[in-house]
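Contents: one structure, followed by commentary.
The values are calculated or read from the model by the stated rules, or taken from the named source; none is laboratory data. Quick caveat: nothing in here was measured; it's all calculated off a predicted structure. Methodologically, a virtual Cβ is constructed for each residue, glycine included, from the backbone with ideal geometry; neighbour enumeration extends over all protein chains shown. Surface areas here come from the heavy atoms of the whole protein model, side chains and all, with no ligands, DNA or RNA. Shrake-Rupley method; radii C 1.70, N 1.55, O 1.52, S 1.80 Å.
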Amino acid sequence: MENMTDMEAIFPHMAFPRNDTRCMILPPGNVTWREIFAREFPHIKLRENKRFSGEFSAVNLALIPRSRHRFFSLSLPIGELLVDGGGSLIWPDLDPLCREYSRLNRCTVVWTGYYDPAYCQYPEISAWENGSLIRKHAPGLREKTESYLRKGYITQEQFDMFLDRSRTVGDPLLCEQNPTALSILACYGWTREKYTQSGWKSVTTDFD
């Protein structure tokens, strides 16, 4: 079997927490993310894997042979951390989940999105408050794509798409002073020590 370094190269999310992991920070609420997910994505079925629970690394390792898309969640008094575990190359935009969770639970939801180092240095970030988008930013993406356009690596149409994707909304959040995924999570109380707690649960979907 490959060593952990090799496995991380094949399954980047194995080394969670890391900067290219998509995470949703969910404050405590009466309406769960699963309920909202079922309403926003009725064509996608969730299946909780009750046999797989414990520390994140153990749960993730058990699910590696399964190709379907999966989520990992950790519930603590400070809220719930929802991690996109991958397993699917095409996945619907989770903004509706952020919006509705923040609206129904009257809270602020922070979402650190996946980033490609070829386009930007730091993860994308968005924040929803009571159902309204208050922040969206993808540091460095616009500058990188402008360079790609000048060099002819992308077309004007592709550039316009990237430009729309990287539009900035709202003022910087306090957590953006050090805009890495780990720092953003830590700013909301999700320190590295919490990731090793034995409370992780996994949910897979039928979306491929």
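Residues in the stretch 147-182 that are in contact with a Cys (Cβ under 7 Å, 6 or more places away or on another chain) and not aliphatic (A, V, I, L, M): C175 alone. Do any strands (runs of 3 or more DSSP E) lying entirely in the stretch 1-78 carry at least 1 residues that are at pLDDT below 65 and of a type in the set (F, W, Y), and which ones are they? Answer list for the stretch 1-78: 46-54. Checking each residue in the stretch 135-174 for being crowded, with 17+ Cβ neighbours inside 10 Å, among the aliphatic types (A, V, I, L, M) and within 20 Å of T108 (Cβ to Cβ) picks out A138, L173. Among all positions in the stretch 137-157, there is no residue which is in contact with a Leu (Cβ under 6 Å, 6 or more places away or on another chain), at pLDDT 85 or above and either in a helix (DSSP H, G or I) or more than 26 Å from Q197 (Cα to Cα) (or both). In this structure, A127 does satisfy being at negative phi, assigned to a strand (DSSP E or B) and within 18 Å of the chain's Cα centre (by Cα).
For the stretch 169-201, residues that are of a type in the set (A, V, I, L, M), farther than 18 Å from V83 by Cα and assigned to a helix (DSSP H, G or I) total 1. Exactly one residue out of E176, E129 is free of Cβ contacts under 8 Å to residues at least 60 places away in the same chain, of a type outside the set (K, R) and touching a His at 6+ places or on another chain (Cβ under 8 Å): that is E176. Pairs linking a residue in the stretch 21-43 that is under 19 Å from E129 (Cα atoms) and open to solvent by 40 Å² or more (accessible area, probe 1.4 Å) to a residue that is charged (D, E, K, R) and part of a helix (DSSP H, G or I), with Cβ atoms under 8 Å and 6 or more positions apart or on different chains, are E40/E100. Note on the stretch 118-142: residues that are of a type in the set (D, E) and closer than 19 Å to Q158 by Cα total 1.
Evaluated against (1) out of contact with any His (no Cβ under 6 Å at 6 or more places or on another chain); (2) in the same structural domain as L26 (by the TED database), C187 falls short on exactly one condition, (2).
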